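In what follows, a structure is listed as structure tokens, so that the remarks can point back to it.
The values are calculated or read from the model by the stated rules, or taken from the named source; none is laboratory data. Here the structure is a predicted model, which is why all the values come from computation and not from measurement. We place every Cβ from the backbone using ideal geometry, glycine too, and count neighbours over all the protein chains shown. The protein model used for the area step is the full one, side chains on, heavy atoms only, and it has no ligands, DNA or RNA in it. Shrake-Rupley method; radii C 1.70, N 1.55, O 1.52, S 1.80 Å.
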Amino acid sequence: MGHGLLFDALIYLSAAVIAVPLAKRWGLGSVLGYLLAGIIIGPFLLGLVGEQKDVMHFAEFGVVLMLFLVGLELRPALLWQLKGPILGTGGLQVLLTTAALTGVGYLIGLPWQQGLAIGLILALSSTAIVLQSLQERKLMQSESGRSAFAVLLFQDIAVIPILAVLPLLAIAPVVSNGNSDLAGWQHGLLVVAAIAGIVLGGHYLMRPVFRAIAQSHMREIFVAAALLLVIAIAVLMESVGLSPALGSFLAGVVLADSEYRHELEADIEPFKGLLLGLFFMSVGAGIDFGLFADHPLLIPTLVIGLMLLKWGVLMALGLILRVSPSQRWTFALALAQGGEFAFVLFSFAAQNKVLPGATISLLTLVVALSMALTPLLLILNDKVIQPWFDYRNRDDVPRHEQPELVEHPVIIAGFGRFGQIVGRLLHGHGIGTTILEQDASQIEMLRKYGYQVFYGDASRLDLLHAAGAHKAKLLVLSINDPATSLEVIEMVKKHFPHLKILARAQDRPHAHEILRHGVDSVHRETLGSAVDLGVEALTQLGFRANQAWRAGQMFKQYDNRLLREQVNYLDDEHTYINKSLQYREILSDLLQDDEEGQERTHAHNWNSGLPDNDKEAI
């Protein structure tokens, strides 16, 4: 950097402070603001900054910090629940995109080795741009956000086998540098040892270390320790030939259950945001407009071709996975670009003589331009595509069939398999309900049955007002998505405090979150039917009907009491487990005492000549 470090820092920070607020004001988003700032200060416009390689290497640490924070949000149990989407959605995306790009390379005359290498590298998308853009739009918990995250996570993991495969695709022999490399099995052991060190060290070593640092009450040392942890992991992973971003993600997952998780997030977040901004600016400044001028038709064709091909694969994948049409567009447009790991992998491919230098320069520019276009595509999605879907869905509901609003005492948010049963029961007793439903295909059918239905997201304040929440008595919350249901609870608690909430929970963790949000009436969707089945199992095994029924009622009573008590110990795994074991013993004793009491009653009835069925009828 010809001007010196301080001068470059002045230029980068000035560009960010000016460009990003303007981009946000104009509705362009922060990512596009950083990219435009980098283009303006780069060597091909104002020329205020020079060579980007050193800056890019430093700025890539922002991606490492981002994945560490993402890992902190994912407890190991939650990550295990996501294994299906990660392996299924992510694996299919990488496989199909690589196959399509390899096929295109073969058709234009590239050797299959080069076509496969290019396919593997360009199959990856930009974790930094996609996650930042989805977080700004609050789409991470949406159907498209969860699918995109699964794909990105698999792609980050896939960098490891890609690094292993690329040297095998070399057409020209690689000249040895004279160093004695480790044997394959030795390197494998080193990789396993590094990963095991991160897992075991994060679980057993870092907690006491952070505890000791926290007791010093010196926040700057805690910040330094947090950064030291991430940097040390990045260096360790690089030294064994693995992705630093993957290592930092793994460390975040290991520390997700730590009592210091929130402190780590708060301390690292500012560094992550600043370094990610520097990364985006360095990408913008690194766009080679001279090469673009030399190939004014070829480069736009390659950029558009790459993004169209990836968009097509992602749309087909969304169709296979039954992602809703509007969410499918967001999913496909968000991931249609090349990724930041392409810069690293292209450099690695050059070192191993897999791809010629001219091809790498061309494709590096294509990747950078595709990344720069992604925020524009997402703005197009926000402004044009999603409103079109909203308009079409509203238009699908015949306006002349919309009934006049009747202020019913009950609002049911979500009218799927759970909400329908509640609605039918209430209607059977002459109690009117207002339905909030997002599935436009269901609305016309529901109105034929006489239901008052509103289309839209129940977490929208205007929709709740329109549905009469200010005068209703009960809100039956039976939405499928746990995150959305919690948003609705927060909205209702804030704006309609009089409204009693009866909430459906998908499972025990969801029920805990609902209770934490101050809703006392929570009903797990599987508890009642599972207990009913258990009662029938007892009767089939020889228990009398009333005894089995009482056992089921007793189980539900004690399990609900345990559910509410466990909320106080969600962050204390030892006490949480002990409470479960205590309640299990208490319930077991009560059920066995009840069984013995029933046996004594049965014996007394037998001796007195009174049949059991007559006694049960009394």
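A few notes on this one:
- Residue within segment 339-360 that is β-branched (V, I, T), within 22 Å of V31 (Cα to Cα), surrounded by 24 or more Cβ atoms within 10 Å (Cβ to Cβ) and touching a residue at least 12 places away in the same chain (Cβ under 8 Å) present: no
- Total residues in segment 137-151 satisfying the condition of being open to solvent by 50 Å² or more (accessible area, probe 1.4 Å) and either in contact (Cβ under 8 Å) with a residue 60 or more places away in the chain or not basic (K, R) (or both): the figure is 4.
- Enumeration of residues in segment 281-334 that are open to solvent by less than 30 Å² (accessible area, probe 1.4 Å) and aromatic (F, W, Y): F331
- Where a residue in segment 237-249 is over 17 Å from G71 (Cα atoms) and its partner, wherever it lies, is in a loop (DSSP other than H, G, I, E, B) and at pLDDT 75 or above, with Cβ under 8 Å and at least six apart: none
- Top-ranked residue in segment 260-271 [being among the charged types (D, E, K, R) and more than 20 Å from the chain's Cα centre (by Cα); ranked as nearest to L35 (Cα to Cα)]: D267
- Among the residues of segment 86-101, just one is touching a Phe, Trp or Tyr at 6+ places or on another chain (Cβ under 7 Å) and modelled with pLDDT of 90 or more, namely V94.
- Meets criteria (of a type in the set (V, I, T), over 20 Å from P409 (Cα atoms) and without any contact (Cβ under 8 Å) to a residue 24 or more places away in the chain) for T484: no
- Scanning segment 512-534 for residues that are closer than 20 Å to G552 by Cα and either assigned to a helix (DSSP H, G or I) or open to solvent by less than 50 Å² (accessible area, probe 1.4 Å) (or both) returns S521, V522, R524, E525, L527, G528, S529, A530, V531, D532, L533, G534.
- Against the criterion of being within 27 Å of the chain's Cα centre (by Cα), at pLDDT 80 or above and surrounded by fewer than 13 Cβ atoms within 10 Å (Cβ to Cβ), L229 does not qualify.
- Hits in segment 494-506 (condition: over 11 Å from L563 (Cβ atoms) and within 26 Å of the chain's Cα centre (by Cα)): A503, R504, Q506
- Scan of segment 272-311 for residues that are in contact with a Ser or Thr (Cβ under 9 Å, 6 or more places away or on another chain), outside any helix (DSSP H, G or I) and under 14 Å from A37 (Cα atoms), ordered by number: G286
- Taken together, E616, E565, E599, E595 contain a single residue that is within 38 Å of the chain's Cα centre (by Cα) and either at pLDDT 75 or above or under 19 Å from L538 (Cα atoms) (or both), which is E565.
Residue by residue, here is whether (1) touching a residue at least 24 places away in the same chain (Cβ under 8 Å); (2) not acidic (D, E) holds:
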{"residue": "V235", "(1), (2)": "no, yes"}
{"residue": "G252", "(1), (2)": "yes, yes"}
{"residue": "E265", "(1), (2)": "yes, no"}
{"residue": "F280", "(1), (2)": "yes, yes"}
{"residue": "G286", "(1), (2)": "yes, yes"}
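- Of all residues in segment 554-580 being farther than 28 Å from Y260 by Cβ and free of Cβ contacts under 8 Å to residues at least 12 places away in the same chain, the one that is surrounded by the most Cβ atoms within 10 Å (Cβ to Cβ): N560
- Restricting segment 464-486 to residues that are within 26 Å of the chain's Cα centre (by Cα) and part of a helix (DSSP H, G or I), the residue that is surrounded by the most Cβ atoms within 10 Å (Cβ to Cβ): S485
- Residues that are hydroxyl-bearing (S, T, Y), at pLDDT 85 or above, buried (at least 22 other Cβ atoms within 10 Å of the Cβ) and under 25 Å from V323 (Cβ atoms) do not occur anywhere in segment 127-136.
- Across segment 409-461, the qualifying residues are those that are in a strand (DSSP E or B) and closer than 18 Å to D481 by Cβ, and the one among them that is modelled with the lowest pLDDT is Y455.
- Among (1) under 23 Å from L570 (Cα atoms); (2) in a loop (DSSP other than H, G, I, E, B), the one test that G241 misses: (1)
- Residue-level analysis places S258 among those that are of a type outside the set (A, V, I, L, M), open to solvent by less than 30 Å² (accessible area, probe 1.4 Å) and in a loop (DSSP other than H, G, I, E, B).
- For segment 107-132, filtering for residues that are in a helix (DSSP H, G or I) and closer than 18 Å to A170 by Cβ leaves 10.
- Filtered residues of segment 132-150 (kept if closer than 22 Å to A372 by Cα and of a type in the set (D, E, K, R)): E136, R137, K138
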